1. Report the residue count in segment 67-125 for those that are over 24 Å from Leu163 (Cα atoms) and in a helix (DSSP H, G or I).
2. Residue check: is Gln137 under 24 Å from Phe199 (Cβ atoms) and either in a strand (DSSP E or B) or at pLDDT below 90 (or both)?
3. Got at least one residue in segment 349-359 being in contact (Cβ under 8 Å) with a residue 60 or more places away in the chain and farther than 26 Å from Gly280 by Cα?
4. Just name the residue that is surrounded by the most Cβ atoms within 10 Å (Cβ to Cβ) out of those in segment 117-134 that are of a type in the set (Gly, Ala, Ser) and modelled with pLDDT under 95.
5. If we scan segment 373-391, do we find a residue that is touching a Gly at 6+ places or on another chain (Cβ under 8 Å), acidic (Asp, Glu) and either crowded, with 22+ Cβ neighbours inside 10 Å or more than 28 Å from Asn101 (Cα to Cα) (or both)?
6. Which strands (runs of 3 or more DSSP E) sit wholly inside segment 294-357 and have at least 2 residues that are in contact with a helix residue (DSSP H, G or I) (Cβ under 6 Å, 6 or more places away or on another chain) and over 30 Å from Ala262 (Cβ atoms)?
7. Please state which of the following conditions Asn267 fails to meet, knowing it meets all the rest: (1) more than 18 Å from Ala208 (Cβ to Cβ); (2) within 24 Å of the chain's Cα centre (by Cα); (3) at pLDDT below 95.
8. Starting from segment 98-118, take each residue that is under 14 Å from Lys398 (Cα atoms) and list its partners that are of a type in the set (Asp, Glu) and not in a strand (DSSP E or B), counting only C-beta distances under 8 angstrom and pairs at least six apart or across chains.
Amino acid sequence: MHKILFSLMAVQFCAAGYAAAQETPGQADSPQLPAQTLTANSGPSPYTLKLQYTGETWDNAAGGLRTGLVYIHNVDGQIYVNTDKAFGWTGGSFLIEAFYNNSRSLDTQYVTSAQDPSAIDTSGVSMVRLYQAYYKQDWGDTSLLAGIYDLETEFGSTRPMELFFNGAYAWTFTLDQSGLTGPSTYPNTAPAVRFRQYFGDDWSVQAAVLDGVSDSVKKPGDNTVIFNKRYGLMAIGEVDYQPLPRTKIMAGYWNYTGQFQALDEYNPDGSARSVSGSSGGYVGAATRLYTEQGRRGLDGFVNFGFADGKVNQVTRQINAGLNYTGLFADRPTDQLGLAAGLALDGAPYRHSLLDQGDGVYHSELNLELTYRARLTSWLTVQPDFQYFVHPNMDPTLKNDVLFGLHFEIGHLFDL
């Protein structure tokens with residue numbers, strides 16, 4: 001069956017090379033979220049609607065839990081309101097976003113990796129979800145946001161990382177694995193308050209406080225908001241330095257106040273001991289390495305993250321990649337990317353498995369090669385290849401070979 005997928009990928013590559021799509025040199029849509037968050041409205045209408053259908057066909061050709069084909073799809077809708085145009089509230093905006101995702105899972109049903117291979121995978125849970133709903137107010141160099149909010153849209157990311165699907169490159173995986181149900185990011189998001197302050201053209205500081213649990217721990221498909229002392233709060237802060245338009249250096253730190261189960265500490269009855277809090281941090285950078293005409297050129301990124309080993313499987317993670325925009329002169333906005341992500345487990349996680357008589361590797365390595373092409377104003381396609389060494393650090397799983405074809409159909413409407 002994977003020969004069929006190879007053929008489809010070849011057709012899409014050929015189409016990317018010869019389609020005469022008319023594109024402006026603006027920001028490309030990001031595949032890391034169900035649909036790129038609307039942040040501006042240049043038309044006369046104060047209301048903008050974005051509808052997007054995202055589909056992914058994956059062939060787990062070798063290794064992992066089992067081989068086979070899987071199709072994942074997502075339907076996403078966003079409504080953006082410019083309050084200046086609508087009500088005369090200068091500097092304000094509302095964003096409401098919801099999605100549907102089917103229950104097929106590439107990771108939990110086929111690959112079983114620590115670093116998730118698909119950006120829209122909901123781990124085998126069918127979801128209809130209110131994803132984001134917030135108000136943002138800007139006063140010059142100061143910005144305040146309140147509501148249900150995805151941290152990944154603003155924290156721990158750089159532009160070249162947005163090309164890739166694997167969770168290793170969405171932001172550092174040490175942050176992505178944190179919390180009882182993960183941090184407030186797709187598909188589970190939580191109420192938050194976010195503050196940002198710019199200092200001149202180069203420096204900025206942002207911080208957010210969020211509910212410590214993104215959704216129900218026992219029922220991940222439920223669309224709920226839970227405030228509980230046991231789950232506590234999450235706080236995160238980040239400092240950014242951007243001396244040039246395509247250069248960014250960032251450093252962040254996060255902390256949870258809730259209760260977590262220790263990985264290798266036990267109560268007298270044999271149950272896992274409860275510990276307070278979990279924390280970690282990250283540093284990263286991205287820059288333009290080589291420039292051709294216009295937006296064309298080579299960008300690179302590198303990130304390092306760390307986390308508390310008492311409650312987290314991965315205690316260190318490093319990822320790095322290259323992203324070439326406009327490799328072909330007649331396709332100036334296409335992107336070709338190659339990245340590697342290495343996740344390292346902590347001693348408590350290894351000890352917990354050894355105590356149960358299970359073996360464990362010390363690391364998981366992901367390699368990803370991908371090409372993104374906008375064929376028309378409403379259609380984008382992206383073939384993808386991934387290779388895992390020691391998926392989920394599990395000696396019983398063979399190295400994984402994965403082929404994928406991602407596409408997006410979307411349109412903006414001024415209402």
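The values are calculated or read from the model by the stated rules, or taken from the named source; none is laboratory data. Here the structure is a predicted model, which means the values were calculated and not measured. Positions of Cβ are generated from backbone atoms using ideal geometry, with glycine treated the same way; all protein chains shown enter the neighbour counts.
1. Residues in segment 67-125 being over 24 Å from Leu163 (Cα atoms) and in a helix (DSSP H, G or I): 6 in total.
2. Details: under 24 Å from Phe199 (Cβ atoms): yes; either in a strand (DSSP E or B) or at pLDDT below 90 (or both): yes.
For Gln137, the condition - under 24 Å from Phe199 (Cβ atoms) and either in a strand (DSSP E or B) or at pLDDT below 90 (or both) - is met.
3. Within segment 349-359, the subset in contact (Cβ under 8 Å) with a residue 60 or more places away in the chain is 349, 351-352, 355.
Imposing the further condition that a residue be farther than 26 Å from Gly280 by Cα reduces the set to none.
No - not one qualifying residue is present in segment 349-359.
4. Ala119
5. Yes, that holds for at least one residue.
6. Values: elements: 297-307, 314-325, 335-345.
Where strands (runs of 3 or more DSSP E) fall fully within segment 294-357 and carry at least 2 residues being in contact with a helix residue (DSSP H, G or I) (Cβ under 6 Å, 6 or more places away or on another chain) and over 30 Å from Ala262 (Cβ atoms), they are 297-307, 335-345.
7. (2)
8. Close Cβ pairs satisfying both conditions: Thr112/Asp394; Ser113/Asp107.
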